[in-house]
Amino acid sequence: MGRNDNRMNLPEGTEEVTAAGVATNVPPSTDTPQFNWTVPTEIVPLPSQGRFYPDGHPLHGETTAEIRFMTAKDEDILTSRALLKEGLAIDRLLQNILVNKDIEVNSLLVGDKNALIVAARITGYGNEYNTNVTCPSCDTVGEYSFELSVEDNTKDIDIHIESHEATRTENNTFVVELPLTKANVECRLLTGKDELKLAKEAQRRSKKKQNETTLTSQLKSFIVSVNGDSNPLALAAFVQTLPARDSRYLRSFYSDITPNLDMNQVYECASCGYTADMEVPLTADFFWPK
């Protein structure tokens with residue numbers, strides 16, 4: 001969602017929400033009784049089903065999380081210059097609408113966070129998502145309509161764990177053998193905090209005009225140990241010399257075992273008739289519909 005950070009042309013008079021501030025959870029009451037209402041809430045299914053959170057986490061063993069519907073006050077968060085600049089607008093929105101305030105957005109598994117983001121968008125603007133799409137076949141750019149949903153829209157990761165002949169540990173990590181080096185690599189699932197750290201590192205390297213290290217940075221972030229060795233220096237050296245074949249396999253494995261929404265939908269080009277499964281593109285139109 002950090003790709004929306006550059007959307008800074010806000011209407012004159014927009015109320016500013018500072019990077020340190022969070023909007024109130026309930027719209028302020030008025031003296032007029034008919035304007036006093038309770039904002040509805042939504043129960044959101046979690047792709048992880050609460051299986052991979054440690055004991056003591058508010059979502060440990062929980063299959064759902066409750067959010068309230070977006071309000072006009074929440075839109076102030078989405079248009080806050082300070083929060084957009086820091087890449088924190090979406091996180092602050094989620095923190096604000098979560099009913100259980102013991103849940104920290106940064107502690108959410110990435111797939112669960114994605115489900116809450118989609119659910120929040122549906123409560124605010126409906127499940128119809130119109131955005132421009134470039135046809136992979138003829139390069140024609142045209143508006144396409146996607147239907148957003150978080151119901152029965154998650155993948156069964158147990159099937160993927162079995163297909164990779166991987167094992168799950170008591171620490172909610174996963175061990176898989178790589179096809180070429182035969183190394184046993186232990187992986188963990190990333191959280192919102194990890195995602196933010198990777199985004200900031202990419203931004204830092206971009207500002208310094210350094211080469212991108214997206215793939216190796218991702219590998220370093222989710223690899224816990226290799227053949228039982230968890231020394232950070234050893235892991236960094238392993239990633240740097242990892243054969244491309246094993247690197248690709250490991251990234252595919254991680255994608256397969258990550259509980260997440262299935263965002264693939266059928267796309268059909270109005271110009272050339274090309275049809276294919278396409279991942280729903282999360283553009284600026286997602287939270288800033290025209």
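The values are calculated or read from the model by the stated rules, or taken from the named source; none is laboratory data. Quick caveat: nothing in here was measured; it's all calculated off a predicted structure. When we count neighbours, we look across all protein chains shown, and the Cβ atoms used for this are built from the backbone with ideal geometry, even at glycine.
Before moving on, here are some points about what is shown:
- Residue selection: ASP112 satisfies the criterion of being farther than 19 Å from THR283 by Cα and in contact (Cβ under 8 Å) with a residue 40 or more places away in the chain.
- The set of residues in the stretch 116-146 that are out of contact with any helix residue (DSSP H, G or I) (no Cβ under 8 Å at 6 or more places or on another chain), in a strand (DSSP E or B) and within 14 Å of PRO289 (Cα to Cα) comprises GLU128, ASN130, THR131, ASN132, GLU143, TYR144, SER145, PHE146.
- Among the conditions (1) in contact with a strand residue (DSSP E or B) (Cβ under 9 Å, 6 or more places away or on another chain); (2) at pLDDT 95 or above; (3) surrounded by fewer than 15 Cβ atoms within 10 Å (Cβ to Cβ), HIS60 misses just one, which is (1).
- Filter pass, ASP262 being of a type in the set (Asp, Glu), under 30 Å from GLY142 (Cβ atoms) and touching a residue at least 40 places away in the same chain (Cβ under 8 Å): yes
- Filtered residues of the stretch 234-267 (kept if among the acidic types (Asp, Glu) and either modelled with pLDDT under 90 or loosely packed, with under 13 Cβ neighbours inside 10 Å (or both)): ASP262
- Of all residues in the stretch 268-289, those satisfying the criterion of being among the hydroxyl-bearing types (Ser, Thr, Tyr) and either surrounded by 12 or more Cβ atoms within 10 Å (Cβ to Cβ) or in a loop (DSSP other than H, G, I, E, B) (or both) are SER271, TYR274, THR283.
- Here PHE174 meets the list (1) touching a strand residue (DSSP E or B) at 6+ places or on another chain (Cβ under 8 Å); (2) farther than 29 Å from LEU242 by Cα almost entirely, failing just condition (2).
- Here the condition is being over 15 Å from VAL110 (Cα atoms), modelled with pLDDT under 95 and surrounded by fewer than 17 Cβ atoms within 10 Å (Cβ to Cβ); of LYS197, LYS193, LYS209, it holds for LYS209 alone.
- Out of LEU190, LEU180, LEU215, LEU198, sole residue that is touching a helix residue (DSSP H, G or I) at 6+ places or on another chain (Cβ under 9 Å), free of Cβ contacts under 8 Å to residues at least 24 places away in the same chain and of a type outside the set (Lys, Arg): LEU198
- Considering (1) under 14 Å from the mean Cα position of the chain (by Cα); (2) surrounded by fewer than 18 Cβ atoms within 10 Å (Cβ to Cβ); (3) part of a loop (DSSP other than H, G, I, E, B), the lone condition that VAL150 does not fulfil carries the number (2).
- The set of residues from the stretch 153-177 being modelled with pLDDT of 90 or more, assigned to a strand (DSSP E or B) and either of a type in the set (Lys, Arg) or within 28 Å of GLU66 (Cα to Cα) (or both) comprises just one member, ARG168.
- Residue within the stretch 79-91 that is polar (S, T, N, Q) and more than 19 Å from the chain's Cα centre (by Cα) present: yes
- Out of LYS85, LYS73, LYS113, LYS101, one residue alone is loosely packed, with under 15 Cβ neighbours inside 10 Å and assigned to a helix (DSSP H, G or I). It is LYS85.
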